[in-house]
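Asker: This is the structure, below, for whatever I ask next.
The values are calculated or read from the model by the stated rules, or taken from the named source; none is laboratory data. What you are looking at is a predicted structure, and each value in this text was computed from that prediction instead of being measured. No Cβ is skipped: glycine too gets one built from the backbone with ideal geometry, and neighbour counts run over all protein chains shown.
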């Protein structure tokens, strides 16, 4: 991509945001160019080249653009700026800082700096003169909020370099040189705190990407207990509108055990982003005692912002995630929703008159989705420390039908499947994650199984599988009861059904709006699962099916009161005692 | 129709389809407006010197030597306080016999609000209809459609909501309105003496369908003027968005685009979002609230139009005829306002959330009792009481002809609770029962 002279061109055709440019020199696929529109520069990306014609998608409205307008090519792909000061920012899909933009309405052609290069940071060196370094190695550190933000050898550096000098501890501007390195030829290169990287290329500054194995706690029982996600894992949440996708994603962003959270609001409602802007600066992060906003970065490309930038937004978010992962941090990346990203791809593919795949989506949609999910993961860095990106995307299936191309392609790429069910949402069983259809492939990983056995309990996995089985048997019993009638089945069927209901109400359902119930630490989840299984394994004495329902409702009620009480508090212990009493009324010794 | 002096006139059309024509011209801007033998058209494709124009009223009778004049600007609306009380067509031209509006020329379909410059919606909109105010409270800056079958009286309900909402301006965007419905709106607004705060942009079934595509942008450009420049509360009514989407599919079909689900264009989500996301609460005080109508075909909400709409809007309202009382009600089960949590119990009386939930729960019990009755099972005393509660609840609160304030709605609900149930059956927090239980 290094060119001596930058290519220029002239607009020769316009169809909505697809602009065809006649070029006078070399261009590369995905190269960025600026199109002149009466003095305003519109950013665009090359998406196809035919002879001397470059097809570009413009990240802005093309209204008023004329044929013959000059175009400048930049010689590089779409890049983000990486450096201290990214955290807590609100960016658009192209990493423009939304807060520094002038005016209430977005103006096209207004691009703002992602990072304040003049801001001063307290720098502490990590590397010393004489060290041999490669891309991604740590040279020093600054404090960004509460995170030790590493200043690294730029990812674009190829091969080995020798550190000539590193600035001593002190306060420096982001744009100042903080280290000088020499390459094999002995030429000196200055390094500042800021570097750039093309978003569509994965950052590979790590030595190894093993299978992930550490549980990532989210405080959501139906995830942690039943379908766990791991540090560096991938998952997705498909669900029809009104099934609680956004509430679940917000819960994850508030509670997950991650060092930092990147939220890509991709083609969704602006008011939902406003909710994060408004609430996160007020909410406490229980892990650090600071405000939630201090560990959160938002990439907001809402549904009314330009479509092409919507596609860029998920890549921008992932690249920022990879940057922080290279510092040895645990990153959680949430994208809401990846369907809107796929729709953006469909719109362009359609304008380029490509032959369509299923539902008019581009044929390479599955490949695009899986290579994006592949950028997540748990890695060993050059210096032996570890970092991770856990990625969870939501999918908005058309008509709530999970057999559509985006859901099916994502199912092949993501390892956890949290299917939101309309039926559960209608009966107010939240989070409406379907307990039978959902899965976590990680439960089959021996690495995670060992971790769970060592860190939670040796019989944890067996308990989880038993609970899943009880849910399945309960569902079967329920179907039988519905067909044959309450008195047409043995009492045992009622017991089987109600035992599965106990798991449903106590473990699966969780009140995201309750201060205590919203987040359950894993010790608490372990205790509850064991108590619930205690009920499921016991034999109970009933003569009449009519007595089964009211008694189990009492059991469920006491369990729920426990969920609403502070762990190990007076109230909690009171309900614990009450539970034993209720159970003993019917338990067969 | 405007033609300005010194404009070049082209007279050589090279291609004509049902909706578009092409010609050779240079120096033309994308989305620029033009006239073709006096008919308004817009540039939809530029390829070298070849310009493709979409003629809004269709190409019937357009000759290859038609006079084409480019206007050098995208579609615009002149905005000023003179807009108030006026009726316009899809191009923003008066259709009420009044004079042209003078004012600042604004491009329609302008840029979006920077999300960080929005404020979280927080002001309640009172409509007097308990099915809305009590169960699905609306908030300024919200966007919400009625999902309705074509035979339901959604236009009447919208007119009623518009008149009762304490909005500074009401802007009606009518797309494919029948002439009768158009006259109905006109009469209702006239009779209510509210004409001075109403602005209408109307495309009736007598006008060509493609013209409809301009209506929402016209209405919302006027809305932005009053909400942002004048800091007023603006309510925008869009009826019927299904007919708008149909017009989109006609155009994309004629442009040879590949259709996606239900023959709708692949960009349907973005096209609808661009309209609905204009709903906004500005920190400086003004707001735009959008209430729309999406007609369904036999109640199917999985069709691409209601489905995409549901993903964009903040809830939906369902109308249903309740045969027990012979009135149309706002269905408490399927309707949802996603933003109600921001206001209920905060700007309304504290017991609002609990009363709302208790009433809907008891109404659901009545529905179960009714099923039991239909299946030939015996009813308990409780079942009988829930059913008589449901009838009165439906008649006194859910019916769309109810017009009371929220406090009166809550009092009515408490009266019904006291009449039919014990305190334990209603299950509301003790402090509220102490204050409001009717003795």
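Asker: Would you mention how many residues in the stretch B:198-214 are without any contact (Cβ under 8 Å) to a residue 60 or more places away in the chain and assigned to a strand (DSSP E or B)?
Answerer: 1
Asker: Give the number of residues within the stretch B:278-292 that are within 9 Å of another protein chain (Cβ to nearest Cβ) and crowded, with 22+ Cβ neighbours inside 10 Å.
Answerer: Here the count works out to 4.
Asker: Also, I was wondering about something else. Using beta carbons and a limit of 7 Å, which pairs, at least six apart or on different chains, have the first residue in the stretch B:424-437 and within 13 Å of residue B:413 (Cβ to Cβ) and the second one at pLDDT 85 or above and not in a helix (DSSP H, G or I)?
Answerer: Here the result reads B:432/B:351; B:436/B:351, each pair linking the stretch B:424-437 to a residue that is at pLDDT 85 or above and not in a helix (DSSP H, G or I).
Asker: Related question: What single numbered condition from (1) free of Cβ contacts under 8 Å to residues at least 12 places away in the same chain; (2) in contact with a helix residue (DSSP H, G or I) (Cβ under 8 Å, 6 or more places away or on another chain); (3) closer than 26 Å to residue A:475 by Cβ fails to hold for residue A:547?
Answerer: Among (1) free of Cβ contacts under 8 Å to residues at least 12 places away in the same chain; (2) in contact with a helix residue (DSSP H, G or I) (Cβ under 8 Å, 6 or more places away or on another chain); (3) closer than 26 Å to residue A:475 by Cβ, residue A:547 violates only (2).
Here's the yes/no breakdown for (1) modelled with pLDDT under 95; (2) within 12 Å of chain B (Cβ to nearest Cβ):
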| residue | (1), (2) |
| --- | --- |
| A:282 | yes, yes |
| A:289 | yes, no |
| A:301 | yes, yes |
| A:327 | no, no |
| A:330 | no, no |
| A:346 | yes, yes |
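Asker: Considering B:262, B:256, which residue is in a helix (DSSP H, G or I), over 23 Å from residue B:80 (Cα atoms) and either more than 19 Å from the chain's Cα centre (by Cα) or within 8 Å of another protein chain (Cβ to nearest Cβ) (or both)?
Answerer: One residue alone meets the criteria, B:262.
Asker: Out of the residues in the stretch A:57-77 that are more than 20 Å from residue B:73 (Cα to Cα) and within 29 Å of the chain's Cα centre (by Cα), which is surrounded by the most Cβ atoms within 10 Å (Cβ to Cβ)?
Answerer: Looking at residues that are more than 20 Å from residue B:73 (Cα to Cα) and within 29 Å of the chain's Cα centre (by Cα), I get A:59.
Asker: Does residue B:302 count as within 24 Å of residue A:246 (Cα to Cα) and at the interface with another protein chain (Cβ under 8 Å from one of its Cβ atoms)?
Answerer: So residue B:302 passes the test.
Asker: Let me ask another. Return the total of residues in the stretch B:229-253 being within 13 Å of another protein chain (Cβ to nearest Cβ), surrounded by fewer than 20 Cβ atoms within 10 Å (Cβ to Cβ) and out of contact with any helix residue (DSSP H, G or I) (no Cβ under 7 Å at 6 or more places or on another chain).
Answerer: The qualifying residues number 3.
Asker: Another question about this same structure. From (1) within 12 Å of chain A (Cβ to nearest Cβ); (2) over 33 Å from the mean Cα position of the chain (by Cα); (3) more than 30 Å from residue B:223 (Cα to Cα), pick out the condition that doesn't hold for residue B:22.
Answerer: Among (1) within 12 Å of chain A (Cβ to nearest Cβ); (2) over 33 Å from the mean Cα position of the chain (by Cα); (3) more than 30 Å from residue B:223 (Cα to Cα), the lone unmet condition for residue B:22 is (1).
Asker: Part of a loop (DSSP other than H, G, I, E, B) and either under 29 Å from the mean Cα position of the chain (by Cα) or modelled with pLDDT of 95 or more (or both), is that true of residue A:536?
Answerer: So residue A:536 does not fit the description; no.
Asker: Let me ask you something else. If residue B:370 passes every condition in (1) surrounded by 18 or more Cβ atoms within 10 Å (Cβ to Cβ); (2) in contact with a helix residue (DSSP H, G or I) (Cβ under 7 Å, 6 or more places away or on another chain); (3) within 30 Å of residue B:432 (Cα to Cα) but one, which one does it miss?
Answerer: (1)
Asker: Is the stretch A:145-159 home to any residue that is part of a loop (DSSP other than H, G, I, E, B) and either within 30 Å of residue A:38 (Cα to Cα) or within 14 Å of another protein chain (Cβ to nearest Cβ) (or both)?
Answerer: No.
Asker: Then there's this: State whether the residues of the stretch B:65-72 include one that is touching a residue at least 24 places away in the same chain (Cβ under 8 Å), farther than 17 Å from residue B:213 by Cα, within 11 Å of chain A (Cβ to nearest Cβ) and in a loop (DSSP other than H, G, I, E, B).
Answerer: Yes: the stretch B:65-72 contains one or more residues that are touching a residue at least 24 places away in the same chain (Cβ under 8 Å), farther than 17 Å from residue B:213 by Cα, within 11 Å of chain A (Cβ to nearest Cβ) and in a loop (DSSP other than H, G, I, E, B).
Asker: Could I ask something else about it? Return the residues of the stretch B:45-60 that are within 20 Å of residue B:208 (Cα to Cα) and touching a residue at least 24 places away in the same chain (Cβ under 8 Å); say none if nothing qualifies.
Answerer: B:52, B:53, B:54, B:55, B:56, B:57, B:58, B:59
Asker: Would you tally the residues in the stretch A:455-465 being surrounded by 16 or more Cβ atoms within 10 Å (Cβ to Cβ) and touching a residue at least 24 places away in the same chain (Cβ under 8 Å)?
Answerer: 4
Asker: Still on this model: Residue A:153 fails exactly one of the following numbered conditions: (1) surrounded by 23 or more Cβ atoms within 10 Å (Cβ to Cβ); (2) closer than 26 Å to residue A:292 by Cβ. What is the number of that condition?
Answerer: If we test residue A:153 against (1) surrounded by 23 or more Cβ atoms within 10 Å (Cβ to Cβ); (2) closer than 26 Å to residue A:292 by Cβ, just (2) comes out false.
Asker: Among helices (runs of 4 or more DSSP H) lying entirely in the stretch A:361-426, which contain 3 or more residues that are surrounded by fewer than 24 Cβ atoms within 10 Å (Cβ to Cβ) and touching a helix residue (DSSP H, G or I) at 6+ places or on another chain (Cβ under 9 Å)?
Answerer: Qualifying helices (runs of 4 or more DSSP H): A:365-373, A:405-413.
Asker: Let me ask something else. Is it the case that residue B:224 is out of contact with any helix residue (DSSP H, G or I) (no Cβ under 6 Å at 6 or more places or on another chain), within 14 Å of chain A (Cβ to nearest Cβ), farther than 25 Å from residue B:153 by Cα and in contact (Cβ under 8 Å) with a residue 60 or more places away in the chain?
Answerer: yes
Asker: Conditions first: (1) under 22 Å from residue A:311 (Cα atoms); (2) away from chain B (no Cβ under 14 Å); (3) buried (at least 17 other Cβ atoms within 10 Å of the Cβ); (4) touching a residue at least 60 places away in the same chain (Cβ under 8 Å). Residue A:7 passes all but one, so which condition is the exception?
Answerer: Failing condition for residue A:7: (1).
Asker: Taking residue B:394 as meeting all but one of (1) in contact with a strand residue (DSSP E or B) (Cβ under 6 Å, 6 or more places away or on another chain); (2) part of a loop (DSSP other than H, G, I, E, B); (3) not assigned by TED's automatic domain parsing to the domain that holds residue B:292, write down the number of the exception.
Answerer: Of (1) in contact with a strand residue (DSSP E or B) (Cβ under 6 Å, 6 or more places away or on another chain); (2) part of a loop (DSSP other than H, G, I, E, B); (3) not assigned by TED's automatic domain parsing to the domain that holds residue B:292, only one is false for residue B:394: (2).
Let's see how each residue does on (1) more than 8 Å from chain A (Cβ to nearest Cβ); (2) touching a residue at least 40 places away in the same chain (Cβ under 8 Å); (3) surrounded by fewer than 20 Cβ atoms within 10 Å (Cβ to Cβ):
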site	(1), (2), (3)
B:82	yes, no, yes
B:89	yes, yes, yes
B:94	yes, no, yes
B:98	yes, no, yes
B:106	yes, yes, yes
B:115	no, no, no
B:118	no, yes, no
B:122	yes, yes, yes
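Asker: Tally up the residues in the stretch B:280-321 that are over 22 Å from residue B:268 (Cα atoms), without any contact (Cβ under 8 Å) to a residue 60 or more places away in the chain and touching a helix residue (DSSP H, G or I) at 6+ places or on another chain (Cβ under 6 Å), please.
Answerer: Total satisfying the criteria: 0.
Asker: Out of B:430, B:341, B:354, B:347, which single residue is closer than 24 Å to residue A:513 by Cβ and more than 36 Å from the chain's Cα centre (by Cα)?
Answerer: Going through B:430, B:341, B:354, B:347 in turn, the sole match is B:430.
Asker: Among the numbered criteria (1) within 30 Å of residue A:131 (Cα to Cα); (2) in a loop (DSSP other than H, G, I, E, B), which one does residue A:303 miss?
Answerer: All conditions are met except number (1).
Asker: Name the residues in the stretch A:240-276 that are under 24 Å from residue B:117 (Cβ atoms), more than 14 Å from every other protein chain (Cβ to nearest Cβ) and in a strand (DSSP E or B), would you?
Answerer: Within the stretch A:240-276, A:261, A:262 qualify.
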